[in-house]
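Right, I'll just put the structure down here and ask away after.
The values are calculated or read from the model by the stated rules, or taken from the named source; none is laboratory data. No experiment lies behind these values; they were computed from the predicted model shown. Glycine also receives a Cβ, built like all others from the backbone with ideal geometry; neighbour counts cover every protein chain displayed. Areas reflect the complete protein model, heavy atoms only, side chains present, ligands, DNA and RNA absent. Shrake-Rupley method; radii C 1.70, N 1.55, O 1.52, S 1.80 Å.
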Amino acid sequence: MKDKFVIGHIGRLALAKNHTFLLDVFKEVAYKKNNAVLVLVGIGPLEDKIKQKVKDLKIEDKVIFLGLRKDIPELLQAMDIFVFPSLYEGLGVVVVEAQATGINCIISDTVPDEVDIHADLLQSLPLTKPASYWAKKILETRINNRYSRQSEVIESGYDIKATVNWLQDFYLEQEIDRIRN
């Protein structure tokens, strides 16, 4: 999306992901930055309500619904900033995926700290702050030269090989304990 300021969000269109607040935030951003667009990736039970709010806010020409996709790494590369204002979250693996691509992420303070891969790409904001505050933080975020942050992801414990080894050791230890007892 050449010449656009692309704000992205990937998540199920459900209450927990807080799309209504995200749309309020985006409207504030779009008011101040005319070339801003919001890309929403995902499907879910609130899709019709979210689309209606987009119409109510009169931002239909600036919000793009992409539905369910399998090309998430490529979509993350097309975004300038990733915003994830969840009301509650188990982990938020997509935030780790986003950081792995080198994109700056603005998330709610309800997302567990474990998503931080310590690559200076994450800002955690309180949901008690208004949409205008979030919009200001988005607009103040410097769009950096992106590069893969795979090493930071691995160092933060998100490595499939290390996880497989840990699981293998865990289950072997359980089996050894079962045999001994």
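I'm trying to understand the selection: among the residues of region 145-181, which are open to solvent by 100 Å² or more (accessible area, probe 1.4 Å), modelled with pLDDT under 75 and of a type in the set (Val, Ile, Thr)?
The one that is open to solvent by 100 Å² or more (accessible area, probe 1.4 Å), modelled with pLDDT under 75 and of a type in the set (Val, Ile, Thr): ILE160.
Results for (1) in contact with a Cys (Cβ under 8 Å, 6 or more places away or on another chain); (2) free of Cβ contacts under 8 Å to residues at least 12 places away in the same chain; (3) in the same structural domain as ILE81 (by the TED database); (4) under 23 Å from SER108 (Cα atoms), shown as yes or no for each residue.
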site	(1), (2), (3), (4)
HIS9	no, no, yes, yes
ASN35	no, no, yes, no
GLN52	no, yes, yes, no
GLU60	no, yes, yes, no
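So which residues in region 50-78 are in contact with a helix residue (DSSP H, G or I) (Cβ under 8 Å, 6 or more places away or on another chain) and assigned to a loop (DSSP other than H, G, I, E, B), if there are any at all? Lay out the reasoning, then the answer.
Residues of region 50-78 in contact with a helix residue (DSSP H, G or I) (Cβ under 8 Å, 6 or more places away or on another chain): 50, 53-54, 57, 59-60, 62-63, 65-66, 69, 72-73, 76.
Once the filter is applied, which keeps residues that are in contact with a helix residue (DSSP H, G or I) (Cβ under 8 Å, 6 or more places away or on another chain) and assigned to a loop (DSSP other than H, G, I, E, B), region 50-78 yields LEU57, ILE59, ARG69.
Continuing with the same structure: Are any residues in region 67-83 within 16 Å of ILE7 (Cα to Cα) and open to solvent by 50 Å² or more (accessible area, probe 1.4 Å), and if so, which ones?
Result: PRO73, GLU74, GLN77, ALA78.
Next question. When you go through (1) closer than 21 Å to ARG12 by Cα; (2) not in a loop (DSSP other than H, G, I, E, B) one by one for ILE138, which number turns out not to apply?
If we test ILE138 against (1) closer than 21 Å to ARG12 by Cα; (2) not in a loop (DSSP other than H, G, I, E, B), just (1) comes out false.
Kindly check whether there is at least one residue in region 137-144 that is among the aliphatic types (A, V, I, L, M), exposed (fewer than 14 other Cβ atoms within 10 Å of the Cβ) and modelled with pLDDT of 75 or more. Before you say what the answer is, go through the steps one by one.
Start the filter on region 137-144 by keeping residues that are among the aliphatic types (A, V, I, L, M), which leaves 138-139, 143.
Still in the running and exposed (fewer than 14 other Cβ atoms within 10 Å of the Cβ): 143.
If we keep only those that are modelled with pLDDT of 75 or more too, we end up with 143.
Yes, some residue in region 137-144 is among the aliphatic types (A, V, I, L, M), exposed (fewer than 14 other Cβ atoms within 10 Å of the Cβ) and modelled with pLDDT of 75 or more.
I would also like to ask the following. For region 1-51, which residues satisfy the criterion of being polar (S, T, N, Q) and surrounded by fewer than 21 Cβ atoms within 10 Å (Cβ to Cβ)? Working first, answer last.
We begin by selecting, within region 1-51, every residue polar (S, T, N, Q); these are 18, 20, 34-35.
Within region 1-51, THR20, ASN34, ASN35 meet the criteria.
Enumerate the pairs (first residue in region 152-181 and within 30 Å of THR101 (Cα to Cα); second residue anywhere and modelled with pLDDT of 75 or more and open to solvent by less than 70 Å² (accessible area, probe 1.4 Å)) with beta-carbon separation below 7 Å, excluding pairs fewer than 6 apart on the same chain, so at least 6 apart or on different chains.
Going by the 7 Å Cβ cut-off, the qualifying pairs are GLU152/ILE117; VAL153/VAL96; VAL153/ALA100; VAL153/ILE117; SER156/ILE117; TYR158/VAL96.
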